[in-house]
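Report on the structure given below.
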């Protein structure tokens with residue numbers, strides 16, 4: 001198993017802010033770093049910026065190979081020259097979220113000490129303050145201001161990225177011309193909290209977690225984190241997709257300690273697939289970040305500050321919204337997007353809502369879905385006309 | 001945490017068979033025990049027996065308090081005097097499944113040694129041969145013959161119990177007058193296998209599992225088994241039921257090691273509920289049994305022996321079938337019951353199929369569902385007339 005040093009060794013483009021960042025929990029980070037990538041060029045009017053917000057375990061490497069895994073950018077199909085988010089036309093910014101593990105301030109960062117110094121060798125780990133989606137968005141706002149951008153042409157993201165889009169539109173309505181929350185919800189449901197809780201308990205159950213101080217031994221809680229990833233991964237796929245991809249097909253079981261307990265020395269392909277998903281994940285993701293970010297998602301409820309009424313959160317907004325859901329997504333189902341659309345309608349907002357038929361489940365937002373991509377491109381093109389952005 | 005000795009200390013009614021039981025995997029158990037409970041009286045014609053088959057983590061204590069937990073029988077609402085399965089009229093038999101941990105032969109039983117002896121102190125543990133649903137049913141058939149019963153008036157069960165019902169009807173059609181497979185499927189789906197795999201990996205990840213030889217230290221893999229139970233438990237409930245029962249309500253977090261990482265010292269009620277489900281489960285269930293039985297469910301495919309055609313499995317059957325599903329059950333959805341009903345139709349069988357509207361998910365088959373209970377009672381009453389069973 002690779003050690004986290006592999007991840008820490010990668011240098012990320014970043015900017016560090018020394019003005020304090022007050023978090024919702026009451027703690028103030030004296031300093032915080034936002035790691036980010038950009039694609040395309042900011043125009044002279046600084047009016048063509050598109051912020052891409054990433055999901056739970058993704059990062060800022062949206063349209064280029066991942067520096068650890070070497071795999072293609074996670075949204076290569078959506079962001080790039082001639083793509084729906086056309087980098088020949090738009091200046092795309094993708095920051096790593098606060099609490100993440102790809103260069104932005106999070107549990108891997110060296111901890112701030114009470115005397116005003118920063119520890120030279122001790123990361124925050126589990127003592128990293130609990131952050132919320134709103135805290136993440138406020139950190140991103142600093143980055144946008146740092147880049148000299150007053151108003152984002154668009155904010156786009158799927159899953160937890162969509163939560164950030166909604167939070168951006170609610171918190172900074174004048175700074176968001178167009179918002180595209182995809183495959184998301186205005187709050188995390190009891191079932192989704194429950195699945196996250198299983199993952200967290202799997203991490204806590206791993207003795208290598210060591211109460212979150214695993215940097216002291218260098219032994220990461222790989223088995224617990226892998227189980228968490230396996231459980232989450234099932235929720236990213238539909239039942240139909242699992243049946244289509246794997247069904248009940250068998251393969252030979254590996255010659256490891258669990259072989260003896262596989263009937264006839266065989267295992268189901270879906271078992272092998274899940275095990276691979278688990279073991280590859282732990283090489284690129286930090287367990288304390290996983291705890292921090294899942295908790296941020298669980299606490300997300302954009303209407304909570306407005307007495308529970310989502311329409312109030314968007315009252316008077318001039319932002320143009322495109323909501324997208326996928327028919328077989330049971331993690332962030334169409335009903336969740338529809339209730340956002342209804343609230344936006346009640347708020348008198350300009351909103352389009354499309355459900356895309358697919359059997360690929362929640363992951364569809366990351367996959368090759370031509371109708372979805374055409375709709376994104378069309379919506380951005382239309383908004384560009386309204387924004388006076390010339391091709 | 002209670003030690004497994006608590007479970008081992010309970011004496012269960014049982015019968016031991018010394019004729020060998022040949023398992024599908026090729027191993028022959030030289031001797032095997034079937035623990036069981038009965039309710040009501042067998043009539044003189046021995047024609048009023050109803051076999052109740054239990055689900056994954058249930059047992060033979062269907063209509064009386066559980067000897068370990070003290071909780072009421074798991075199907076008190078269905079089995080008893082004046083209940084749908086009326087013990088004033090029927091002789092109800094409920095065996096613990098082969099591979100179980102409530103007295104029937106399973107991983108907790110002392111292992112058979114190559115020299116023909118049985119170990120005095122070493123259980124099978126993980127070396128218990130992999131068993132299938134068919135093996136479970138063949139062990140049950142021995143019990144039924146031992147009780148002097150040629151033909152069961154009815155076989156009934158939900159979830160894995162329903163798998164056993166289907167296997168009984170396919171394997172011993174002349175011995176089953178009426179069959180009631182409830183909230184079940186003719187094979188385990190890729191998604192269901194995937195969820196079981198997460199649970200097994202959680203157990204394997206617990207160092208207290210000790211490659212299944214945890215009896216040597218007396219330290220059971222409680223944390224891994226609890227995570228497995230938490231994950232499975234989510235699949236037993238519907239999203240609607242979780243929302244109705246818990247929603248996003250918060251409660252104070254316990255003063256334990258994970259408190260510090262809960263935002264504002266609070267936790268969601270659904271987290272607390274799941275943790276309780278996990279920790280209470282490990283006191284009554286054996287991890288190796290959990291591995292054995294989940295694997296048996298995963299391998300279940302009643303049509304596999306008939307070239308994949310379910311209708312062939314039931315060709316020429318004279319058994320009367322009642323299939324029941326629950327609208328919000330996403331673990332064994334209505335589509336799975338419907339495809340069984342269609343296959344039975346193709347086989348020319350006598351089949352009724354009812355989907356019950358409920359928001360309770362898979363667990364509905366265990367809960368207070370008056371329409372379901374009336375339908376069971378009505379079906380049994382009708383079958384009794386056809387069987388010439390007089391009230």
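The values are calculated or read from the model by the stated rules, or taken from the named source; none is laboratory data. Because the structure is predicted, anything quoted here is derived from the model rather than measured. No Cβ is skipped: glycine too gets one built from the backbone with ideal geometry, and neighbour counts run over all protein chains shown.
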## Note on the structure
The condition of being touching a helix residue (DSSP H, G or I) at 6+ places or on another chain (Cβ under 9 Å) and touching a residue at least 12 places away in the same chain (Cβ under 8 Å) holds, among B:369, B:355, only for B:355
### Task
Name the residue, out of A:159, A:238, that is within 9 Å of chain B (Cβ to nearest Cβ), buried (at least 23 other Cβ atoms within 10 Å of the Cβ) and farther than 17 Å from residue B:206 by Cβ.
A:238
## Note on the structure
If we ask which residues in region A:241-274 are modelled with pLDDT of 90 or more and facing chain B (nearest Cβ under 7 Å), their number turns out to be 9
### Flag for residue B:97 being in contact (Cβ under 8 Å) with a residue 60 or more places away in the chain, surrounded by 15 or more Cβ atoms within 10 Å (Cβ to Cβ) and in a loop (DSSP other than H, G, I, E, B)
yes
## Note on the structure
Note on region B:166-177: residues in contact with a helix residue (DSSP H, G or I) (Cβ under 6 Å, 6 or more places away or on another chain) and either crowded, with 24+ Cβ neighbours inside 10 Å or at the interface with another protein chain (Cβ under 8 Å from one of its Cβ atoms) (or both) are B:167, B:168, B:170
### Summary
Flagged in region A:372-391 as under 13 Å from residue A:83 (Cα atoms), loosely packed, with under 14 Cβ neighbours inside 10 Å and in contact (Cβ under 8 Å) with a residue 24 or more places away in the chain, in numbering order, are A:374
### Query
Which one is farthest from residue A:285 (Cα to Cα) among residues in region A:104-121 that are touching a residue at least 60 places away in the same chain (Cβ under 8 Å) and surrounded by fewer than 24 Cβ atoms within 10 Å (Cβ to Cβ)?
A:116
### Task
Just need a number here: residues in region A:180-209 that are within 16 Å of the chain's Cα centre (by Cα) and more than 8 Å from every other protein chain (Cβ to nearest Cβ).
9
### Task
Specify the residue that is surrounded by the most Cβ atoms within 10 Å (Cβ to Cβ); the eligible residues are those in region B:277-305 that are assigned to a helix (DSSP H, G or I), modelled with pLDDT under 95 and more than 11 Å from chain A (Cβ to nearest Cβ).
B:280
### Message
If the requirement is being surrounded by fewer than 24 Cβ atoms within 10 Å (Cβ to Cβ), touching a residue at least 24 places away in the same chain (Cβ under 8 Å) and either within 14 Å of chain B (Cβ to nearest Cβ) or under 23 Å from residue A:44 (Cβ atoms) (or both), which of these qualifies: A:128, A:153?
### Response
A:153
### Task
Scan region A:109-132 for residues that are in a loop (DSSP other than H, G, I, E, B) and more than 22 Å from residue A:24 (Cβ to Cβ) and jot them down.
A:113, A:115, A:116, A:117
### Task
Run down B:174, B:197 and say which single residue is outside the structural domain of residue B:53 (by TED's automatic domain parsing) and within 28 Å of residue B:340 (Cα to Cα).
B:197
### Query
In region B:36-65, which residues are surrounded by 18 or more Cβ atoms within 10 Å (Cβ to Cβ), assigned to a loop (DSSP other than H, G, I, E, B) and under 18 Å from the mean Cα position of the chain (by Cα)?
B:54, B:55, B:56, B:57, B:58, B:59, B:60, B:61, B:62, B:63
### Message
Which count do you get for residues in region B:210-220 that are more than 9 Å from chain A (Cβ to nearest Cβ) and either in contact (Cβ under 8 Å) with a residue 60 or more places away in the chain or not in a helix (DSSP H, G or I) (or both)?
### Response
7
### Task
Scan (1) surrounded by 21 or more Cβ atoms within 10 Å (Cβ to Cβ); (2) outside any helix (DSSP H, G or I); (3) at negative phi for the single condition residue A:139 breaks and write down its number.
(2)
